[in-house]
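Contents: one structure, followed by commentary.
The values are calculated or read from the model by the stated rules, or taken from the named source; none is laboratory data. None of these values were measured; they are calculated from a predicted model. Glycine gets a Cβ as well: all are built from the backbone with ideal geometry, and neighbour counts include every protein chain shown.
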Amino acid sequence: MIEGLRMAGLVHDIGKIHVPAELLSKPGRLSELEFSVIKTHSQAGYEILMDVEFPWPIAETVLQHHERLDGSGYPSGLKGAEISLEAKIIAVADVVEAMSSHRPYRPALGVDKALEEISQNKGKLYDADVVDACLNVFKDEGFKFE
């Protein structure tokens, strides 16, 4: 499972190849329409990977990595147990990495803000056990992005 998670983490945004580069690098806020185009990357990634034989559910993890426990995610609005554990793990990791990194539309918010986000939404948007594990890696084990 760990190797599958590593693989899914490497390819989780592969569907962005179908999103115009102008949207991915656009400075400033995205319009609703622009954001809806970016949100297609999960489905596009699934379609790219669905016929590749892996010993892990890579395509499904890629498809679900923006789903949220309360059903507010995309592309399918899955809730709770409908979301695979692998996707729940990639979701938390993706949020922490994205918030900690610079984006064309905003400067990096930092690890502290990212950990605050997942802590505040633990059990609501993000799986509680996954959040606890992530917090442990950063706070108790001293992980830092290189």
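For the range 39-72: of the residues being small (G, A, S) and in contact (Cβ under 8 Å) with a residue 12 or more places away in the chain, which is farthest from L5 (Cα to Cα)?
Among them, the one singled out is S72.
Which of the residues that make up the range 98-142 are surrounded by 13 or more Cβ atoms within 10 Å (Cβ to Cβ) and part of a loop (DSSP other than H, G, I, E, B)?
Answer for the range 98-142, where residues must be surrounded by 13 or more Cβ atoms within 10 Å (Cβ to Cβ) and part of a loop (DSSP other than H, G, I, E, B): S101, A108, L109, N121, L125, D127.
On the basis of being touching a strand residue (DSSP E or B) at 6+ places or on another chain (Cβ under 8 Å), surrounded by 14 or more Cβ atoms within 10 Å (Cβ to Cβ) and part of a helix (DSSP H, G or I), does A87 make the cut?
no
So K88 ticks every box in (1) out of contact with any helix residue (DSSP H, G or I) (no Cβ under 6 Å at 6 or more places or on another chain); (2) under 17 Å from G9 (Cβ atoms); (3) at pLDDT 95 or above but one. Which box is left unticked?
All conditions are met except number (1).
Can you find a residue in the range 115-125 that is touching a Cys at 6+ places or on another chain (Cβ under 7 Å) and modelled with pLDDT of 95 or more?
Checked the range 115-125: at least one residue is touching a Cys at 6+ places or on another chain (Cβ under 7 Å) and modelled with pLDDT of 95 or more.
Listed residues S36, S25; which is out of contact with any Cys (no Cβ under 9 Å at 6 or more places or on another chain) and without any contact (Cβ under 8 Å) to a residue 40 or more places away in the chain?
Answer to the selection: S36.
If a residue must be among the aliphatic types (A, V, I, L, M) and out of contact with any His (no Cβ under 9 Å at 6 or more places or on another chain), how many such residues does the range 38-57 contain?
4
L78 passes all but one of (1) in contact with a Lys or Arg (Cβ under 7 Å, 6 or more places away or on another chain); (2) surrounded by 14 or more Cβ atoms within 10 Å (Cβ to Cβ); which number fails?
Against the list (1) in contact with a Lys or Arg (Cβ under 7 Å, 6 or more places away or on another chain); (2) surrounded by 14 or more Cβ atoms within 10 Å (Cβ to Cβ), L78 comes up short only on (1).
Grab the helices (runs of 4 or more DSSP H) fully contained in the range 21-70, keeping just those with 1 or more residues being polar (S, T, N, Q).
By residue number, 32-38, 41-49, 58-64.
For the range 67-96, name all the residues that are of a type in the set (G, A, S) and more than 19 Å from L109 (Cβ to Cβ).
Within the range 67-96, G71, S72, G73, S76, G77, G80, A81, S84, A87 meet the criteria.
Does M50 satisfy the condition of being surrounded by 15 or more Cβ atoms within 10 Å (Cβ to Cβ) and either within 24 Å of E86 (Cα to Cα) or of a type outside the set (S, T, N, Q) (or both)?
No, not satisfied.
Regarding A81, is this residue in a helix (DSSP H, G or I) and in contact with a Ser or Thr (Cβ under 8 Å, 6 or more places away or on another chain)?
no
Pull up the range 4-20, narrow it to residues that are over 15 Å from the mean Cα position of the chain (by Cα) and either of a type in the set (A, V, I, L, M) or outside any helix (DSSP H, G or I) (or both), then point me to the one that is farthest from R106 (Cα to Cα).
I17
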